[in-house]
Amino acid sequence: MLKVIGIALLLISLSFQLLAASAKIYVWRNEQGVLVFSDTARPGAEEIKVNPQNIMISSSINTSMLDITPQKIPDIYDVEISQPKNKATIWDNTGSVYISGLVKPLFKSGLNIQLYLDGKKYQKPQSRAIYILRNIDRGEHNIKLILLNNKGKKIASSKKIIFYMHRTSIN
């Protein structure tokens, strides 16, 4: 990325030098008596002659070391479950669990997250790493998040998190 920016800056500076060689400069005094320099002529303005020897047209910058071939930056993602914490105990009589995940760096358009609950896919993959589970049975459960590319291939996964659901028993 820095190489592309460097090349762009080089091209811009060269174009300014070429424009400077052909640009005309005008000078006049405004109403307050201050000298004004401009590249636009106006009534009463005088053209200033520019010495072409003072204008650098060729660049002395060696660009042979610049590698301008596009480079593929690998998509390396890290997925983690931020809530619930591992081995957390959740007390909820409705069996509701809020699951929140983090994907670093922010994932691109087309990527999806699949939640696994107790080793089985939970619902369909989605573009957000937030799930609300309803009516989860009492006991120990494990969850895992899998990041999928636009073709459905696994590209990253979180560690397995265990949580314990406690609900009031009818007995």
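The values are calculated or read from the model by the stated rules, or taken from the named source; none is laboratory data. Because the structure is a prediction, the values reported are computed rather than measured. For neighbour counting, all protein chains shown are included, and Cβ atoms are generated from backbone atoms with ideal geometry for every residue, glycine included.
Quick notes
- When the residues of segment 145-170 are filtered to those that are closer than 14 Å to residue 93 by Cα and either exposed (fewer than 10 other Cβ atoms within 10 Å of the Cβ) or not charged (D, E, K, R) (or both), the one that is modelled with the lowest pLDDT is 170.
- Among (1) modelled with pLDDT of 90 or more; (2) out of contact with any Leu (no Cβ under 7 Å at 6 or more places or on another chain), the one test that residue 54 misses: (1)
- Boolean, residue 110 is surrounded by 11 or more Cβ atoms within 10 Å (Cβ to Cβ), assigned to a loop (DSSP other than H, G, I, E, B) and in the same structural domain as residue 157 (by TED's automatic domain parsing): no
- For segment 137-144, the condition of being acidic (Asp, Glu) and loosely packed, with under 12 Cβ neighbours inside 10 Å holds for at least one residue.
- Among the residues of segment 104-144, those that are hydrophobic (A, V, I, L, M, F, W, C) and either touching a residue at least 60 places away in the same chain (Cβ under 8 Å) or farther than 30 Å from residue 93 by Cβ (or both) comprise 106, 107, 111, 143.
- Yes/no for residue 159 being under 28 Å from the mean Cα position of the chain (by Cα) and under 12 Å from residue 80 (Cα atoms): yes
- Test: residue in segment 60-78 that is surrounded by 10 or more Cβ atoms within 10 Å (Cβ to Cβ), assigned to a strand (DSSP E or B) and at pLDDT 70 or above: yes
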